[in-house]
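Reading through the structure tokens given below for one structure.
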Amino acid sequence: MKVLCFYADHFSYTIGDKNHEAADEAALPGRFAACIVAYIHVEEEDEALDLRSREKKLSNHLKWVARKNNSQQIVLHSFAHLSDSKASIHFTRELFAATRARLQNGDYQVAETPFGYFLNLNMEAPGHSMARIWADL
């Protein structure tokens, strides 16, 4: 799994082209402030591992990034452009749901961008070292 996190003063999106038949039905635009935006690429190898172990690893990483940036809000964004290997849609969605639940149990506000669409993104990220963190989990 590859994860590219940004701390964003402002992050918003509008819906672009639908790119998958399993796209979310009611895709609405979103707007967030003072948040961590996590671009997450789940790889095929992740499916060979236990879902719970992958969810725990991802959740712990996102909590660490959020603490480093003094933020309680995390936006999960499925971003299948960080590797050639791709997990199944079913596994990716399960991982996102489990991660969201764990983070919410830890008092984080969690949102997800709509699945199955290209999005028009608008992001304002400050220029300090902890505002951009990449990990291979």
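The values are calculated or read from the model by the stated rules, or taken from the named source; none is laboratory data. It should be emphasised that the depicted structure is a prediction, and the values quoted were computed from it without experimental measurement. Cβ coordinates were reconstructed from backbone atoms using ideal geometry, including for glycine residues, and neighbour counts include every protein chain displayed.
Structure above, values below:
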{"item": "Extreme residue, surrounded by the fewest Cβ atoms within 10 Å (Cβ to Cβ), among residues of the stretch 4-29 that are of a type in the set (G, A, S) and under 16 Å from F96 (Cβ atoms)", "result": "A22"}
{"item": "Subset of the stretch 105-137 (residues that are more than 21 Å from H10 (Cα to Cα) and either touching a strand residue (DSSP E or B) at 6+ places or on another chain (Cβ under 8 Å) or part of a helix (DSSP H, G or I) (or both))", "result": "N105, G116, A135, D136, L137"}
{"item": "Matching residues, the stretch 85-111, being more than 14 Å from V42 (Cα to Cα) and either over 16 Å from the mean Cα position of the chain (by Cα) or surrounded by 18 or more Cβ atoms within 10 Å (Cβ to Cβ) (or both)", "result": "R100, R102, L103, N105, G106, D107, Y108, V110"}
{"item": "Options F32, F79: the member that is modelled with pLDDT under 95 and surrounded by 14 or more Cβ atoms within 10 Å (Cβ to Cβ)", "result": "F79"}
{"item": "Residues located in the stretch 5-49, provided they are within 17 Å of the chain's Cα centre (by Cα), more than 19 Å from G116 (Cα to Cα) and of a type in the set (A, V, I, L, M)", "result": "A8, A33, A34, I36"}
{"item": "Inter-residue pairs, beta-carbon under 7 Å, first closer than 21 Å to F6 by Cα and in the stretch 68-97, second among the polar types (S, T, N, Q) and part of a loop (DSSP other than H, G, I, E, B), 6+ apart", "result": "V75/T113; H77/T113"}
{"item": "Residue within the stretch 122-131 that is closer than 17 Å to K2 by Cβ and not aliphatic (A, V, I, L, M) present", "result": "no"}
